[in-house]
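Colleague: One structure coming up, written as C-alpha cells, with questions to follow.
Every read-out reported here was derived from the displayed coordinates using simple, explicitly stated rules and does not represent laboratory data. Predicted model, so just to flag it, every value in this text is computed and none were measured. Glycine gets a Cβ as well: all are built from the backbone with ideal geometry, and neighbour counts include every protein chain shown.
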Amino acid sequence: MTEPRASSVARPGSAARLTLLTLLTAFVALIAPRATFSQSAPAAAAPAAQAPTSGALDVVRVQNNVYAIFGAGGNITVQIGEQGPVLVDAGLAGSSDKVLAAIKTISDKPIHDIVNTHIHADHTGGNQALSTAGGFISGGTTGGGRRDATLYSHENVLLRMSGALGKEKPLDTGLWPGNTFFNERKELYVNGEAIELLYQPRAHTDGDVIVFFRRSDVIATGDIFMMTTFPIVDRAHGGTINGLIAGLNTLLDLVIPAPTQERGTMLVPGHGRLADEHDLLEYRDMVVVIRDRVQKMIDKGMTLEQVRAARPTSEYEPRWGADTGLWTTAMFVDAVYTSLKEDKNPGQGEAR
C-alpha cells in the first residue's frame, strides 16, 4: 500500500509487514484452485439466465483422470480415457465452442457421454452442440459407426424439457436427454471406471443427480452444493429445502477425508471452486441451522414478512448472501419458508 505523499519516511515495521503480506498472498494464490466464479457472486436460478464468459475457460485437474472446467455457466466435470471424455453437465449454449476447445487440451477423443445433473440451462444449454460434436465409434454385433454422445439424466429432466408434465413449454428436442432412469441410481462403466448416477429426490429441483467417479474418488454435485451462494431451492421445478438437505447428507455419507482432513474425496460443485468434506460439512450445517430457525418461526405463527425481518440468515450473509442478482438472500428465505409451509417430507433433511 502506498504511503501518503506528505510523508517520505516509512513507518516502523512497514517493510516486514509488506514482506509478510506478499508471502501470504503468494501462498493463497498457490493453494487456491483456479475458477472464474466469485465467492460472493450469485448463481443462476433459472434456465438461460447467465451470459457466456469472455476469454478461455479454466481447466483444472481434480484427481486421477477427472478434470473440472470453470467459466461456461455451471461447472463441468470431465473424465477422460480411451473411450472418450465423459462430461457431467454441458454449460451454457453460447459457451460450447470454448468447452470443446477446453476439452481438447486434455483429450483428443470425441465426447462419449454427457450426464445432466438437473434441468437448468447453465448446465444443459450445451447438450446439443457437445453431444453432436464428432461422435464416437460404436461397435458390436450390429456393426460399428460414428454415434453422437449419449445424454443421460433423471426422467424428470426429460419430462420437463419435453413439456410432458404440462407445466413448461417444450424445449428444442436437441437438448433432450436420450437415456433416462427413474429409480434411485444408474450405473455406468466408462474409461475403466465405475460411475454412479445417484438421484436426489426433490432437492435443488425434482430431477437432481449427483455423479460419483468411484476410482477417482470425485463427485460432481450439481447445484445441490455450491461454493458461491445460499442454496437455490427451485420451487418452480420441484425443489424443497428438506430434500436439498437430504441430498447434502447423501454427499456427506459418500465423502471420506484424507488423514489431514484436507482433500480425500473431492467435490466439483455446481458453481464455485473445488471443495472437500470440510467445505461440504460447513455448508450443510449452515443450511440446517437456517432451516431450523425458519421452522421455529413458522411454528410460532410468524408470517413471511416477519421471518424476512427477523433475518434468520444474518451471520451467514457476508459469505453467502446477495442483495442483487439472480439469487438473493431474500429469495432464499422465501423459498425455505414456502417449502416448509407447503411440503411434507417426513424423515428427510435431518442433520447427522
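Colleague: Translational D (Stokes-Einstein, µm²/s) of the range 34-342 at 20 °C and 1.002 mPa s when Rh comes from the Kirkwood sum over C-alpha pairs?
Modeller: 110 µm²/s
Colleague: While we're looking at this one, here's another question. Mind checking which lysines have their Cα closer than 23 Å to the Cα of LYS341? Skip sequence neighbours fewer than 8 apart in that chain.
Modeller: List returned: LYS167, LYS296, LYS300.
Colleague: Another question, then. So for VAL59, VAL88, fewest C-beta neighbours within 10 Å to most, what's the order? All intermediate terms of the calculation are to be shown ahead of the outcome.
Modeller: Numbers: VAL59 18, VAL88 31.
Going from sparsest to densest Cβ surroundings: VAL59, VAL88.
Colleague: Starting with the highest mean, order 103-115, 238-250, 198-210, 262-274 by the number of other Cβ atoms within 10 Å, averaged over the residues of each peptide.
Modeller: 198-210, 238-250, 262-274, 103-115
Colleague: Hey, which lysines would be in cross-link range of LYS109, C-alpha to C-alpha under 19 Å, not counting anything within fewer than 8 residues on its own chain?
Modeller: Within the straight-line cut-off, LYS109 pairs with LYS98.
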